[in-house]
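The values are calculated or read from the model by the stated rules, or taken from the named source; none is laboratory data. Everything numeric here is computed off the predicted structure, so don't read it as measured data. Quick reminder, even Gly has a Cβ in these numbers, built from the backbone with ideal geometry, and neighbours come from all protein chains shown. These accessible areas exclude ligands, DNA and RNA; they are computed on the full protein's heavy atoms, side chains included. Shrake-Rupley method; radii C 1.70, N 1.55, O 1.52, S 1.80 Å.
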Amino acid sequence: NQRGGTGLVSDAEQIDEFCSALLGGPDGTGDDRLDGLSTYVWTLDHGQPKPIKRTQWSPAHLPGSLASLIRSTVARQPGEIAAVYLSMGLVPNHLVPTKIERNQRATIGDIVGIPALWADLDIAGPNHKGEAYPPSEAAAKRVLAEVGAPPSIILHTGGGLQAYWL
């Protein structure tokens, strides 16, 4: 991946930049307004006979903590992990111990806020068949342009794009 002509950017740097933009406040080091809230990463691990869902929580006011969790999780992909998902839901910390104990993700009733608006655009290909999907990345970006407000961040997911408006 390229960063505006300054050279290659590692996956770790991209993860750090994304988490700082999403949760970092004005200086990227953390937003005190998120103190007392957590978010999480959940995975589908390769399991037999079916995938195993795992949830790992992180304090929302520490973007570096979330970035570290994501980096360690994706480092195990694709060997141990089939898919990695980041929750946009912010959950009060007092609910997290029970969620951890039960290996649960948040329910809609648990979520008290979101750090961004987002859209997930799958692109037609091996995992997304049919006419409902944009046929290319360029077509998906045209869909995003129709929103009327440019996204703050666009991520390539492997099967499409995720756009975030901070």
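Per-structure values
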read-out: Residue under evaluation Gln104, criteria (1) open to solvent by 70 Å² or more (accessible area, probe 1.4 Å); (2) touching a residue at least 40 places away in the same chain (Cβ under 8 Å); (3) in a loop (DSSP other than H, G, I, E, B), criterion not met; value: (1)
read-out: Every residue from the range 152-166 that is of a type outside the set (Ser, Thr, Tyr) and closer than 23 Å to His128 by Cα; value: Ile153, Ile154, Leu155, His156, Gly158, Gly159, Gly160, Leu161, Gln162, Ala163
read-out: Of all residues in the range 45-74 being out of contact with any Asp or Glu (no Cβ under 7 Å at 6 or more places or on another chain), part of a strand (DSSP E or B) and free of Cβ contacts under 8 Å to residues at least 40 places away in the same chain, the one that is surrounded by the fewest Cβ atoms within 10 Å (Cβ to Cβ); value: Gln56
read-out: Residues within the range 126-141 that are surrounded by 11 or more Cβ atoms within 10 Å (Cβ to Cβ) and not in a loop (DSSP other than H, G, I, E, B), tallied; value: 5
read-out: Residue under evaluation His128, criteria (1) out of contact with any Gly (no Cβ under 8 Å at 6 or more places or on another chain); (2) under 28 Å from Gln56 (Cβ atoms), criterion not met; value: (1)
read-out: Qualifying residue in the range 5-15 (condition: in a strand (DSSP E or B), open to solvent by 20 Å² or more (accessible area, probe 1.4 Å) and modelled with pLDDT under 90); value: yes
read-out: Sole exception among (1) assigned to a loop (DSSP other than H, G, I, E, B); (2) over 23 Å from Ile153 (Cα atoms); (3) open to solvent by less than 40 Å² (accessible area, probe 1.4 Å); (4) not aliphatic (A, V, I, L, M) for Gly30, by number; value: (2)
read-out: Selection status of Pro78, assigned to a loop (DSSP other than H, G, I, E, B) and either surrounded by 18 or more Cβ atoms within 10 Å (Cβ to Cβ) or touching a Cys at 6+ places or on another chain (Cβ under 9 Å) (or both); value: no
